[in-house]
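Report on the following structure.
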Ligand code: NAD
């Protein structure tokens with residue numbers, strides 16, 4: 001089997017490398033020459049744990065290649081995966097499908113022999129129909145099927161997620177295409193991964209339903225956290241108390257600064273738009289989107305309150321700017337709302353992130369970027385933890401206290417123990433856990 005992966009980003013690169021690890025011959029294609037050049041030198045264009053080794057092994061094993069030449073990669077492929085971006089379209093909140101449709105046209109022009117075109121990008125219901133139409137219009141003679149195969153990996157644990165997924169969803173009614181997909185995912189059949197064959201539209205909707213459900217779960221616990229603060233309850237204990245119920249489950253019940261990242265914000269919005277377009281508004285998800293938007297802004301207020309009601313002229317130290325640990329992805333990170341709001345309120349901000357500063361420098365202005373955690377907090381009036389990287393979980397509290405002008409810590413990820421922080425002499429604010437007096 002030979003496949004082409006169009007788009008060598010977080011999903012395309014990981015999926016391509018993992019398929020090659022399964023024994024398939026993979027060519028990863030990207031328009032971005034810099035990315036492909038880096039990959040030729042075995043430099044990863046993104047940070048994802050374990051990816052460099054996986055890529056290196058499979059390149060040297062002759063199963064994984066990188067190119068900017070889509071035509072050649074597609075011509076010899078049994079299956080072509082579309083893994084390009086589907087960001088929010090400017091102005092209206094719908095998913096921008098121009099990259100998907102652009103790729104479909106290029107694939108159509110290059111196809112040779114029966115080809116399964118697989119949409120791995122997250123795309124609104126009905127996109128597969130349009131991809132099929134574009135290919136048919138461009139190449140009336142082509143022999144092909146269009147399949148939906150949404151990706152559920154999470155950045156930061158992407159390889160493990162791809163290699164041991166909870167399930168694989170494949171949307172096609174063509175038996176010929178099903179057989180190709182079965183072959184590609186054979187190693188997962190062997191470890192008894194549930195493989196769900198559905199209609200194409202159903203498969204497209206499963207991806208959005210999954211992401212919006214998870215976003216709703218996070219938003220739910222965030223609102224419960226706010227209530228906990230008012231009534232003197234502890235959200236972590238509430239999460240545990242409800243999460244042990246098998247019907248609820250304990251994952252995605254960590255209160256925090258609001259969801260961010262490259263998927264939840266754009267996918268919740270896109271599903272809201274699809275539902276409105278079909279005249280069946282999803283009120284729950286509309287509310288989730290609103291509540292989450294407001295929440296990111298409220299986090300700056302929380303910091304200001306912790307600083308005694310004003311940050312004007314103060315120096316705030318920020319640890320972590322990526323939307324979650326173990327990634328360099330900054331897309332829709334809560335830090336992009338929190339830091340500018342603090343600056344607007346008159347604060348100067350120093351910040352450190354182990355992997356995301358390269359990206360962050362392009363997106364945040366006026367920040368004093370530091371080399372490590374302790375340099376960041378030197379002479380600061382408050383310390384704010386936005387992303388829970390492991391290295392921020394075990395700070396030397398005495399040293400922190402010695403470096404800060406005032407022992408004010410705002411922990412937006414509930415990493416620290418309230419009693420320990422109190423004993424160490426900190427004025428400690430967290431999420432959904434009342435202050436210990
Ligand atoms: P990304 O922006 O990291 O990568 C997309 C890549 O596609 C870019 O490198 C771009 O240069 C390339 N590209 C665009 N058009 C091209 C073309 N015609 N030919 C060749 N290359 C082209 O995006 P991503 O984060 O990997 O996401 C891809 C899709 O997967 C999105 O639909 C996203 O919603 C979905 N998804 C993402 C994640 C995640 O965690 N990032 C998880 C599941 C699903």
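The table for this structure:
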read-out	value
Test: residue in segment 366-378 that is under 21 Å from residue 257 (Cα atoms), in the same structural domain as residue 233 (by TED's automatic domain parsing) and without any contact (Cβ under 8 Å) to a residue 24 or more places away in the chain	no
Subset of segment 31-40 [assigned to a helix (DSSP H, G or I) and either near the ligand (Cβ under 10 Å from one of its atoms) or under 19 Å from the mean Cα position of the chain (by Cα) (or both)]	33, 34, 35, 36
Check on residue 422, surrounded by fewer than 16 Cβ atoms within 10 Å (Cβ to Cβ), without any contact (Cβ under 8 Å) to a residue 40 or more places away in the chain, out of contact with any helix residue (DSSP H, G or I) (no Cβ under 8 Å at 6 or more places or on another chain) and not in a loop (DSSP other than H, G, I, E, B)	yes
Residue satisfying all of: in segment 41-86; part of a strand (DSSP E or B) and within 15 Å of the ligand (Cβ to nearest atom); nearest to residue 268 (Cα to Cα) among these	82
Tabulated pairs, segment 82-104, first without any contact (Cβ under 8 Å) to a residue 24 or more places away in the chain, second within 9 Å of the ligand (Cβ to nearest atom) and assigned to a loop (DSSP other than H, G, I, E, B), C-beta under 6 angstrom, 6+ apart or interchain	96/87
Qualifying residue in segment 103-114 (condition: part of a loop (DSSP other than H, G, I, E, B), near the ligand (Cβ under 10 Å from one of its atoms) and crowded, with 24+ Cβ neighbours inside 10 Å)	no
Checking residue 90 against (1) surrounded by 22 or more Cβ atoms within 10 Å (Cβ to Cβ); (2) out of contact with any helix residue (DSSP H, G or I) (no Cβ under 9 Å at 6 or more places or on another chain), the condition it does not meet	(1)
Helices (runs of 4 or more DSSP H) contained entirely in segment 325-380, each with at least 1 residues that are over 17 Å from the mean Cα position of the chain (by Cα) and crowded, with 21+ Cβ neighbours inside 10 Å	335-344, 373-377
Residue that is farthest from the ligand (Cβ to nearest atom) [pool: residues in segment 138-156 that are in contact (Cβ under 8 Å) with a residue 12 or more places away in the chain and out of contact with any strand residue (DSSP E or B) (no Cβ under 9 Å at 6 or more places or on another chain)]	139
Of the criteria (1) part of a strand (DSSP E or B); (2) within 27 Å of residue 357 (Cβ to Cβ), which one residue 5 fails	(2)
Filtered residues of segment 157-175 (kept if more than 13 Å from the ligand (Cβ to nearest atom) and either surrounded by fewer than 20 Cβ atoms within 10 Å (Cβ to Cβ) or over 19 Å from residue 208 (Cα atoms) (or both))	160, 163, 164, 166, 167, 173, 174, 175
Helices (runs of 4 or more DSSP H) lying entirely in segment 120-201 (those with 1 or more residues that are closer than 23 Å to residue 277 by Cα)	127-138
Among (1) away from the ligand (no atom under 16 Å from the Cβ); (2) farther than 17 Å from residue 384 by Cα - the single one residue 273 does not satisfy	(1)
Residues located in segment 1-30, provided they are on the phi > 0 side of the Ramachandran plot and within 13 Å of the ligand (Cβ to nearest atom)	7
Matching residues in segment 125-137 - criterion: being surrounded by fewer than 22 Cβ atoms within 10 Å (Cβ to Cβ) and within 13 Å of the ligand (Cβ to nearest atom)	134
Criterion (farther than 15 Å from residue 120 by Cα and more than 25 Å from the chain's Cα centre (by Cα)) met by exactly one of 209, 142	142
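The values are calculated or read from the model by the stated rules, or taken from the named source; none is laboratory data. Just so it is clear, the model here is predicted, and its values are computed rather than measured. So basically every Cβ, Gly included, is an ideal-geometry build from the backbone, and we count neighbours across all protein chains shown.
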